[in-house]
1. For the list (1) in a loop (DSSP other than H, G, I, E, B); (2) touching a residue at least 24 places away in the same chain (Cβ under 8 Å); (3) farther than 20 Å from H161 by Cβ, I need the number of the one condition that L49 fails.
2. Which count do you get for residues in the range 23-59 that are closer than 17 Å to E173 by Cα and of a type in the set (S, T, N, Q)?
3. Name every residue in the range 110-156 that is surrounded by 14 or more Cβ atoms within 10 Å (Cβ to Cβ) and of a type in the set (K, R), in order of residue number.
4. State all residues of the range 65-87 that are exposed (fewer than 14 other Cβ atoms within 10 Å of the Cβ) and within 28 Å of F24 (Cα to Cα); if no residue qualifies, say none.
5. Among the residues of the range 84-111, what is the count of those that are of a type in the set (F, W, Y) and assigned to a loop (DSSP other than H, G, I, E, B)?
6. Mind checking whether some residue in the range 196-205 is surrounded by 16 or more Cβ atoms within 10 Å (Cβ to Cβ), touching a His at 6+ places or on another chain (Cβ under 8 Å) and over 20 Å from P19 (Cα atoms)?
7. Do you know which residues across the range 1-22 are aliphatic (A, V, I, L, M) and either free of Cβ contacts under 8 Å to residues at least 12 places away in the same chain or within 19 Å of L175 (Cα to Cα) (or both)?
8. Which strands (runs of 3 or more DSSP E) does the range 140-199 wholly contain that include 3 or more residues that are of a type outside the set (G, A, S)?
Amino acid sequence: MAQIFDITRTINPSLAVWPGDTPFSAQVITAIKAGSSINLTTLTMSSHLGTHVDAPYHFLDNDLTMEQAPLEAYLGPATVVTVQREAGPLLPEDFPGLEWSGVQRLLVHSIASARPLDQFPTEFVYPSPELAELMAQHGVVLFGSDAPSMDDMNSKTLPGHKALRRHRIAILEGLLLAGVPDGAYELIALPLKIAGGDGSPVRAILRG
């Protein structure tokens, strides 16, 4: 049987969010121990909590919202690659020896997967426009990372996000790749069908 790696960050109130964003909370509406026939909770959270996808609308006002985003990019062959760079833009030379012709979905494993989940990292890796161009040349359809963004956290122009979108490369952020060997897998990371949504948490797994 194929081995399954759960590469999703567990959602709980202590999970770090982007500074100023909405943390996760769960309000108990009914509880069996209080005499109800069921347990029922109301969830409050950001659309970009933990492991999530960005809809193009997140950073381009006239682009696709979450329910409009094609699903094909979030399901299929994926390649996990560990990078040595700890922060800043990832360049083609950060992937020595990678056979790009075999990469359909690139998942980047960095030091971010080793950091405490309750601490938001202020420095992390993100794709450069040059890397996005190279991926496009080889037909890559999704770029995933264990970092929380495709750009420096202080960026206002978002060149990484926009370069990926320009080349129709889907975005998957906040993966947890600790303990996952580099190599080829099948990725499943489907977003929720949120009307008008700018993003969605996902349950991301690798099968291989």
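Any read-out appearing in this document is the output of simple, stated calculations on the displayed coordinates, not a laboratory observation. What you see is a predicted model; the values in this text were computed from it and never measured. Methodologically, a virtual Cβ is constructed for each residue, glycine included, from the backbone with ideal geometry; neighbour enumeration extends over all protein chains shown.
1. Tallying (1) in a loop (DSSP other than H, G, I, E, B); (2) touching a residue at least 24 places away in the same chain (Cβ under 8 Å); (3) farther than 20 Å from H161 by Cβ, L49 fails exactly one: (3).
2. Counting residues in the range 23-59 that are closer than 17 Å to E173 by Cα and of a type in the set (S, T, N, Q) gives 3.
3. R115, the sole residue that qualifies.
4. P70, L71, E86 - these are the residues of the range 65-87 that are exposed (fewer than 14 other Cβ atoms within 10 Å of the Cβ) and within 28 Å of F24 (Cα to Cα).
5. 1
6. There is at least one residue in the range 196-205 that is surrounded by 16 or more Cβ atoms within 10 Å (Cβ to Cβ), touching a His at 6+ places or on another chain (Cβ under 8 Å) and over 20 Å from P19 (Cα atoms).
7. Of everything in the range 1-22, those that are aliphatic (A, V, I, L, M) and either free of Cβ contacts under 8 Å to residues at least 12 places away in the same chain or within 19 Å of L175 (Cα to Cα) (or both) turn out to be M1, I4, I7, I11, L15, A16, V17.
8. 170-173, 183-188
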